[in-house]
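Quick notes on the structure that follows.
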Amino acid sequence: MNPLYVGIDVSSKNNVVYFMKPDGSKHSNFSVPNNINGATQLSKRIVSAITSESLSDLIIGLEATSVYGDNLVCFLREDGTLAPFNKKIHVLNPKQVKKFKDSYPDLPKNDYVDSYIIADALRFGRINNEVYMDDYRFKALQTLTRARFFAVQNQTKEKQRFLNYLFMKYSSLAQEKVFSDTFGTTALAVYEEFESPDALAYMDLHELSDFLRKKGKNRFPDLDSVAKAIQKAARSSYRLPKTVNDSVNQVLSLSIRSMRALDEQIKAFDKAIADQMLTIPNTLTSIPGIGPVYSAGIIAEIGDVNRFPDQAALGKYAGLAWTQSQSGDFEAQHTRLIKSGNRYLKYYLCEAAMSIARCDAEYKSFYDRKYKEVNKYQHKRALALTARKLVRLVFRLLKDNRLYIPSDRF
């Protein structure tokens with residue numbers, strides 16, 4: 001192997017490049033714009049360097065920096081002028097690059113140094129996983145599943161803000177949880193359409209029951225009891241000055257509109273994800289509790305499972321691995337999860353693990369057992385361990401391309 005190592009420090013405007021020869025010496029370094037013209041210049045200079053140095057291989061590396069490097073990676077993969085060379089492209093974890101740089105304590109911090117560090121990391125083989133964007137189905141799916149992730153995060157934050165303002169308007173109604181679903185259609189109608197606690201507290205009971213019947217489409221088994229509970233909570237709620245109450249009503253109304261828009265957005269993402277998954281082999285939906293969305297989120301981040309040597313490497317990539325604390329004959333039994341890892345993969349694995357624990361007897365038993373083993377952080381610990389157990393199953397199913405068969409023990 002006789003490669004040219006190309007380290008690229010990516011930013012929104014420019015890409016700083018360092019060419020390193022096989023012996024670690026410098027060939028050149030320069031900056032090009034982060035656009036199609038800059039990428040074309042970079043490609044030409046790569047060809048010139050490989051030709052002048054009589055090299056045969058090309059190893060390119062760049063940090064994972066939001067979306068700024070995605071277009072460049074696609075360009076370099078598709079560029080025909082680089083096709084004659086044995087080419088590999090790696091997207092490196094910024095934390096990994098930083099740790100490698102720590103071994104050079106006297107280096108300054110600038111873009112040219114960072115591109116040098118990336119090139120040198122490539123030369124030493126300090127790389128974990130090659131980018132899998134050569135199969136663009138995974139990248140297309142990842143774009144959708146990550147967008148859905150942020151929509152869900154925004155929805156969660158919006159709901160929390162809504163609950164804070166709901167307490168201001170209906171303190172007791174927020175505390176006593178009269179509605180089984182705080183964000184259900186009927187509940188939101190009550191919060192939005194009645195101006196103050198007094199409007200609810202002194203409303204005719206039959207009129208309130210009729211209102212609930214229309215909004216709930218006759219789904220309440222005992223309307224009068226619900227209406228009485230609402231009025232009782234309204235009477236014991238704080239009263240706000242009218243000016244403050246009016247502003248709270250405005251915030252609640254806008255928040256409800258925002259939550260509804262996010263609900264529609266998530267539904268649209270779910271449909272688009274399901275459509276995209278039709279082009280990708282998927283055995284994960286054979287696991288009870290894992291539908292097209294959770295399986296898509298997992299597969300999008302894993303890509304080609306063969307890039308992981310074993311399930312332990314996949315677990316570490318997902319951030320579902322634990323630090324080790326050992327000295328001499330002592331080894332701590334309780335350690336923390338590592339702080340690194342792919343947060344999107346970890347999210348979808350944990351969501352899927354919780355869903356499986358509700359549907360599959362083996363996983364439910366495992367979750368319950370881990371939950372009871374400790375007195376602190378019970379759910380958080382049990383969920384992480386259940387998700388780690390799921391990693392082993394996911395790795396095997398994807399590796400062997402086979403369906404899930406539940407254990408006969410349960």
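The values are calculated or read from the model by the stated rules, or taken from the named source; none is laboratory data. Being a predicted model, the structure only gives us computed values, none of them experimental. Virtual Cβ from ideal backbone geometry, glycine too; neighbours counted across all protein chains shown.
What number of residues in segment 73-112 are free of Cβ contacts under 8 Å to residues at least 40 places away in the same chain and among the hydrophobic types (A, V, I, L, M, F, W, C)?
So the count comes out to 9.
Considering Val293, Val226, Val244, which residue is of a type outside the set (Phe, Trp, Tyr) and at pLDDT 95 or above?
Working: Val293 fails: at pLDDT 95 or above; Val226 fails: at pLDDT 95 or above.
On inspection, the qualifying residue turns out to be Val244.
When you check Thr65 against the structure, is it in contact (Cβ under 8 Å) with a residue 24 or more places away in the chain and in a loop (DSSP other than H, G, I, E, B), yes or no?
Values: in contact (Cβ under 8 Å) with a residue 24 or more places away in the chain: yes; in a loop (DSSP other than H, G, I, E, B): yes.
Yes: the conditions hold for Thr65.
Provide a single number: the residues in segment 196-206 that are surrounded by 14 or more Cβ atoms within 10 Å (Cβ to Cβ) and not in a helix (DSSP H, G or I).
Qualifying residue count, segment 196-206: 2.
Out of the residues in segment 209-232 meeting the condition of being of a type outside the set (D, E, K, R) and under 21 Å from Asn245 (Cα atoms), tell me which one is surrounded by the most Cβ atoms within 10 Å (Cβ to Cβ). Please lay out each step first, then the result.
Within segment 209-232, the subset of a type outside the set (D, E, K, R) is 209, 211-212, 216, 218, 220-221, 223, 225-227, 229-231.
From the residues that got through so far, the ones that are under 21 Å from Asn245 (Cα atoms) too are 230-231.
On the way: Ile230: 27, Gln231: 19.
Once the filter is applied, the top-ranked residue is Ile230.
Considering only segment 213-253, state which residues are part of a helix (DSSP H, G or I) and more than 40 Å from the chain's Cα centre (by Cα). Spell out how you get there, then give the answer.
Filtering segment 213-253 for residues part of a helix (DSSP H, G or I) gives 213-216, 223-235, 242-253.
Leu223, Asp224, Ser225, Ala227, Lys228, Gln231, Lys232, Arg235, Lys242, Thr243, listed by residue number.
Can you tell me which residue among Gly289, Gly297 is in a helix (DSSP H, G or I), surrounded by 13 or more Cβ atoms within 10 Å (Cβ to Cβ) and in the same structural domain as Ala353 (by TED's automatic domain parsing)?
Numbers: Gly289 fails: in a helix (DSSP H, G or I).
Criteria check complete, one pass: Gly297.
Restricting the search to segment 389-410, which residues are under 13 Å from Ile356 (Cα atoms) and either surrounded by fewer than 11 Cβ atoms within 10 Å (Cβ to Cβ) or out of contact with any Gly (no Cβ under 6 Å at 6 or more places or on another chain) (or both)? Can you show your working first?
Initially, segment 389-410 is screened for residues under 13 Å from Ile356 (Cα atoms), giving 389-391, 393-394, 404, 406.
Residues satisfying the conditions are Lys389, Leu390, Leu393, Val394, Tyr404, Pro406.
Among the residues that make up segment 104-118, is at least one of them crowded, with 17+ Cβ neighbours inside 10 Å, in a strand (DSSP E or B) and either aromatic (Phe, Trp, Tyr) or at pLDDT below 95 (or both)?
For segment 104-118, residues crowded, with 17+ Cβ neighbours inside 10 Å, in a strand (DSSP E or B) and either aromatic (Phe, Trp, Tyr) or at pLDDT below 95 (or both): absent.
Answer yes or no as to whether Lys339 is modelled with pLDDT under 90, under 29 Å from Gln142 (Cβ atoms), among the basic types (Lys, Arg) and not in a helix (DSSP H, G or I).
Details: modelled with pLDDT under 90: yes; under 29 Å from Gln142 (Cβ atoms): yes; among the basic types (Lys, Arg): yes; not in a helix (DSSP H, G or I): yes.
Criteria met by Lys339.
Among (1) more than 22 Å from Asp263 (Cβ to Cβ); (2) in contact (Cβ under 8 Å) with a residue 60 or more places away in the chain; (3) surrounded by 19 or more Cβ atoms within 10 Å (Cβ to Cβ), which single condition is Leu188 missing?
(1)
The rows are residues; the columns are (1) at pLDDT 90 or above; (2) at negative phi; (3) not assigned by TED's automatic domain parsing to the domain that holds Met259; (4) not in a loop (DSSP other than H, G, I, E, B).
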site: Phe138; (1), (2), (3), (4): yes, yes, yes, yes
site: Arg161; (1), (2), (3), (4): yes, yes, no, yes
site: Asn164; (1), (2), (3), (4): yes, yes, no, yes
site: Ser172; (1), (2), (3), (4): yes, yes, no, yes
site: Phe179; (1), (2), (3), (4): no, yes, no, no
site: Val190; (1), (2), (3), (4): yes, yes, no, yes
site: Leu208; (1), (2), (3), (4): yes, yes, no, yes
site: Phe211; (1), (2), (3), (4): yes, yes, no, yes
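Output the residues belonging to segment 174-185 that are over 23 Å from Asp246 (Cα atoms) and either among the polar types (S, T, N, Q) or crowded, with 17+ Cβ neighbours inside 10 Å (or both).
If the condition is that a residue be over 23 Å from Asp246 (Cα atoms) and either among the polar types (S, T, N, Q) or crowded, with 17+ Cβ neighbours inside 10 Å (or both), then Val178, Phe179, Ser180 are the ones that fit.
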